Amino acid sequence: MTYQNYSLKQLQQIDASHHLHPFTDHKEIRGSGSRIITRADGPFIYDSEGNELLDGMAGLWCVNVGYGREELARAAYEQMKELPYYNSFFKCSTPTPVLLTKRLAEIAPDGINQVFFGSSGSEANDTAVRLVRQYWALEGKPEKNRIISRKNAYHGSTIAGTSLGGMESMHKQLHGAVPNIVHVMMPYAYELALPGESDHDFGLRAAKAVEDAILEAGADQVAAFIGEPIMGAGGVKIPPMSYWPEVERICRKYDVLLMVDEVITGYGRTGEWFASQAFGISPDTITTAKALTSGYQPLSALLVGDRVANTLVEKGGEFHHGYTYSGHPVACAVALANLDIIEREGLVERVKSDTGPYFAEALRERIADHPLVGEVRSFGLMGAIEIVKDKDTKERFAPGGSAAVIVRDHAIENGLMMRATGDTMILSPPLIWTRETIDMACERIGRALDQALVDLRRA
Ligand code: PXG
């Protein structure tokens with residue numbers, strides 16, 4: 001590869017001169033330089049200095065089958081040779097997206113049989129917003145166009161994605177959101193449950209916030225509710241099991257569509273193909289991306305339930321929406337090969353019955369008692385560790401988020417790539433992790449916590 005003619009310093013200098021990174025303080029990165037990842041294999045990533053890091057985030061919540069899969073490279077290569085690109089517009093199709101729609105309909109929750117492709121989760125959510133609003137317009141209720149979302153949600157970075165999302169820092173820079181989107185409380189018991197309130201009751205109260213928002217707007221004005229089954233970027237916030245069935249009941253009661261964003265939770269992460277199955281709900285739309293190709297190609301699939309799809313087909317006429325790369329043949333070939341791997345290696349079942357429970361137990365037994373840890377939680381192979389100054393009062397270190405960054409930096413020094421979001425450490429490893437990999441990660445987290453404790457006590 002040509003980059004090998006460049007030294008690390010040169011690459012960093014070029015990066016600093018020309019590259020505007022996502023979610024980055026550009027001035028700061030120009031001073032510090034970026035970490036350059038050059039290769040990866042199985043559960044490990046390697047940087048340009050040769051450091052080996054266990055990848056606790058599966059890239060960015062996506063590399064579910066791990067790195068170095070020949071089979072996926074081959075699928076892309078063969079498809080590129082045969083047909084690198086053709087569009088899905090103007091009554092055309094190519095074979096791989098066609099086969100992928102069938103495959104997705106087979107693994108999706110019951111009642112979902114149609115698929116709209118894009119290249120990213122953000123694009124898929126844009127599609128979803130346009131589609132549900134169009135649905136109600138076609139049903140003769142164009143005024144039923146409000147969407148209820150949640151504070152601290154992440155639904156992407158396009159204007160619609162940011163508007164759906166509930167991150168204050170992003171809204172501040174939006175300078176004009178998509179109208180008619182409101183945000184209600186998130187189901188985050190660790191900070192929001194009342195003293196003595198059971199998890200079950202808290203889940204019902206958080207769901208009630210959705211009902212209150214519907215009643216406040218008037219049900220005849222509300223198109224849909226959207227939520228991540230487990231909030232990912234917002235800090236792996238796992239709702240009580242009472243939450244989702246109650247949200248679904250409320251949506252059905254007021255004839256509000258249920259949109260679920262499974263960009264992170266889809267394709268096995270929770271121990272089911274989709275978290276909707278884990279929580280026992282039947283959404284009208286499911287947004288998916290990331291692990292659909294394990295990140296080997298950019299691809300998203302909006303899974304569309306029969307109710308919305310039937311109206312679109314029967315009453316819709318032309319839906320004026322689509323992307324050049326909707327149904328990209330190479331990306332879809334890689335997705336098919338990726339689903340083959342997940343299925344053949346039994347990764348979904350393994351998360352459910354082996355590594356998921358083992359991960360939960362390991363966090364509980366080896367991490368939860370640490371003086372810096374307020375709570376550990378996990379679901380399948382998604383986990384969170386709350387960093388606190390005081391376990392009993394849940395007081396955080398000041399300024400907010402600073403302690404988690406110290407833990408994160410020590411984790412990286414100890415050979416584990418993990419994320420800090422606010423005061424929460426998060427993990428979302430490849431589904432190929434074994435009990436041994438989980439042990440290795442917990443040992444590194446433990447060391448990072450000990451070292452951070454020394455730093456924080458010294459400060
Ligand atoms: N929905 C959810 C639930 C996501 O997590 C998107 C939509 C948007 O997908 P695209 O492919 O447009 O990025 C995401 C993406 C983080 C982080 O900091 C998370 C995401 C993206 C970037 C950073 O955890 N999730």
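The values are calculated or read from the model by the stated rules, or taken from the named source; none is laboratory data. Everything quoted here is computed from the prediction, not taken from an experiment. Note that we place each Cβ from the backbone using ideal geometry, even for glycine, and neighbour counts take in every protein chain shown. Note: accessible area is taken over every heavy atom of the protein model, side chains too, but ligands, DNA and RNA are not part of it. Shrake-Rupley method; radii C 1.70, N 1.55, O 1.52, S 1.80 Å.
See the values below:
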read-out	value
Enumeration of residues in the stretch 65-101 that are among the hydrophobic types (A, V, I, L, M, F, W, C) and in a loop (DSSP other than H, G, I, E, B)	Val65, Leu83, Phe89, Phe90, Cys92
Subset of the stretch 423-459 (residues that are modelled with pLDDT under 95 and either assigned to a helix (DSSP H, G or I) or open to solvent by less than 50 Å² (accessible area, probe 1.4 Å) (or both))	Arg457, Arg458
Tabulated pairs, the stretch 212-227, first in the same structural domain as Ile264 (by TED's automatic domain parsing), second charged (D, E, K, R) and in a helix (DSSP H, G or I), C-beta under 7 angstrom, 6+ apart or interchain	Ala223/Arg133
Matching residues in the stretch 232-264 - criterion: being in contact with a Phe, Trp or Tyr (Cβ under 7 Å, 6 or more places away or on another chain) and either under 28 Å from Arg408 (Cβ atoms) or near the ligand (Cβ under 10 Å from one of its atoms) (or both)	Gly232, Ala233, Gly234, Lys237, Ile238, Pro240, Glu262, Ile264
Only listed residue being in contact with a helix residue (DSSP H, G or I) (Cβ under 6 Å, 6 or more places away or on another chain), within 16 Å of the ligand (Cβ to nearest atom), of a type in the set (S, T, N, Q) and assigned to a strand (DSSP E or B), chosen from Ser122, Ser149	Ser149
Flag for Glu314 being closer than 29 Å to Gly118 by Cβ and part of a helix (DSSP H, G or I)	yes
Looking only at the stretch 104-145, and only at residues there that are closer than 16 Å to Phe274 by Cα and open to solvent by 40 Å² or more (accessible area, probe 1.4 Å), the one that is modelled with the lowest pLDDT	Asp110
Long-range neighbours under 7 Å by Cβ, at least six apart or interchain, first residue under 15 Å from Asn338 (Cβ atoms) within the stretch 90-111, second open to solvent by 40 Å² or more (accessible area, probe 1.4 Å) and not in a helix (DSSP H, G or I)	Pro97/Ser88; Ile107/Trp273
Sole residue being closer than 16 Å to Ala58 by Cα and either at pLDDT 95 or above or more than 24 Å from the chain's Cα centre (by Cα) (or both), chosen from Ala368, Ala411, Ala360	Ala411
Filtered residue count, the stretch 394-410, keeping only those that are over 15 Å from His370 (Cα atoms) and within 16 Å of the ligand (Cβ to nearest atom)	3
Some residue of the stretch 327-345 being free of Cβ contacts under 8 Å to residues at least 12 places away in the same chain and not in a loop (DSSP other than H, G, I, E, B)	yes
Residues satisfying the stated conditions in the stretch 146-162, i.e. among the charged types (D, E, K, R) and open to solvent by 10 Å² or more (accessible area, probe 1.4 Å)	Arg146, Lys151
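So that you can scan it fast, the table gives a plain yes or no per residue for (1) within 28 Å of the chain's Cα centre (by Cα); (2) within 18 Å of Tyr267 (Cβ to Cβ):
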| site | (1), (2) |
| --- | --- |
| Phe90 | no, no |
| Ser120 | yes, yes |
| Thr127 | yes, no |
| Ala137 | no, no |
| Lys141 | no, no |
| Lys151 | yes, no |
